[in-house]
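Following this message is one structure expressed as C-alpha cells.
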Amino acid sequence: MAQQPSKPTARVFLVVVDESPEMRKALYYACRRAKRTGGRVAMLYVMAPPEAQQWGSVADLMRQEARQQAEEIVAQHAETAASLTGQPPTIHIREGKPRDELLKLIAEDHSISVLVLGSASSGEGPGPLVTSFAGKGASQLRIPLTIVPGVLTEAEIDEIS
C-alpha cells in the first residue's frame with residue numbers, strides 16, 4: 001500500500017499581547033499572514049508575578065485579579081483575530097518575565113513557526129522584546145522573527161502581507 005504524503009502543518013504566527021499600540025499592528029499583520037497562508041494565530045499574554053508578600057492569601061488574590069485582567073485583555077484581541085482569520089486563536093497566559101516565558105513557550109510548542117512583534121511608532125525605542133531579539137538574543141529563537149513597524153497603516157500592512 002502506498003503511503004500518503006503527510007499534510008504540511010499550518011504556520012502558527014505568535015503575537016505577544018499587551019496594551020501597546022504597536023501590538024495591534026503586529027496582531028493585524030499576523031492575522032493577515034495567517035489568513036493568506038492557511039495558518040493560525042497564537043497569542044501570548046505574560047502576567048507580572050505578584051510582589052513578595054508575607055501573606056499567601058494576598059498573593060493568591062493578586063494573582064487571581066491579574067489573571068482576570070489578562071483574560072479580559074486577551075479576549076478583546078482574540079475576538080479581533082477570529083474576525084480577521086475566521087478561526088479562534090490559540091491563547092497562552094503565563095506568569096513571569098515576558099522574554100523568559102516567550103522563549104519557554106517557543107521551546108515547548110513546536111507548532112509555533114513565526115514570532116511577530118511590533119516596534120513602537122514613537123521615538124521611545126523599539127520595545128524590550130524587539131531590542132532583545134533583534135540583536136544578540138536572536139540566536140535564542142528557533143523560529144523567524146517578523147518586526148512590524150508601528151508607523152504602518154492597515155492599508156500598508158495589507159499591501160505587504
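The values are calculated or read from the model by the stated rules, or taken from the named source; none is laboratory data. The model shown is predicted, which means the values in this text are computed figures rather than measured ones. Here the Cβ positions follow ideal geometry from the backbone for every residue, glycine too, while neighbour counts run over all protein chains shown.
Please work out which residue is nearest to the chain's Cα centre (by Cα), limiting yourself to region 81-97 and to residues that are under 20 Å from R11 (Cα atoms), in contact (Cβ under 8 Å) with a residue 24 or more places away in the chain and surrounded by fewer than 16 Cβ atoms within 10 Å (Cβ to Cβ). Give the derivation first.
As a first pass, look at region 81-97 and keep what is under 20 Å from R11 (Cα atoms): 81-92.
Okay, now just the ones that are also in contact (Cβ under 8 Å) with a residue 24 or more places away in the chain, so 81, 84-87, 89-92.
Those left that are additionally surrounded by fewer than 16 Cβ atoms within 10 Å (Cβ to Cβ): 86-87.
On the way: G86: 18, Q87: 16 Å.
Applying the filter and picking the extreme gives Q87.
Out of region 98-133, which residues are in contact (Cβ under 8 Å) with a residue 24 or more places away in the chain, among the aliphatic types (A, V, I, L, M) and either closer than 19 Å to P21 by Cα or surrounded by fewer than 14 Cβ atoms within 10 Å (Cβ to Cβ) (or both)?
Scanning region 98-133 gives A107, L115, V116, L117, A120, L129.
For the structure I just gave you, tell me whether E124 is charged (D, E, K, R) and modelled with pLDDT under 90.
On the way: charged (D, E, K, R): yes; modelled with pLDDT under 90: yes.
For E124, the condition - charged (D, E, K, R) and modelled with pLDDT under 90 - is met.
Would you confirm, using the coordinates I've provided, whether E159 is within 14 Å of C31 (Cα to Cα) and either free of Cβ contacts under 8 Å to residues at least 12 places away in the same chain or assigned to a loop (DSSP other than H, G, I, E, B) (or both)? Before the answer, list the steps.
Values: within 14 Å of C31 (Cα to Cα): yes; either free of Cβ contacts under 8 Å to residues at least 12 places away in the same chain or assigned to a loop (DSSP other than H, G, I, E, B) (or both): yes.
Spelling it out, E159 is indeed within 14 Å of C31 (Cα to Cα) and either free of Cβ contacts under 8 Å to residues at least 12 places away in the same chain or assigned to a loop (DSSP other than H, G, I, E, B) (or both).
Restricting the first residue to region 19-36 and requiring it to be of a type in the set (A, V, I, L, M, F, W, C) and surrounded by 24 or more Cβ atoms within 10 Å (Cβ to Cβ), which pairs with a second residue that is assigned to a helix (DSSP H, G or I) and at pLDDT 95 or above meet a Cβ separation below 7 Å and a spacing of at least six or different chains?
L27/H77; L27/T80; L27/A81; C31/A81; C31/L84; C31/T85; A34/T85
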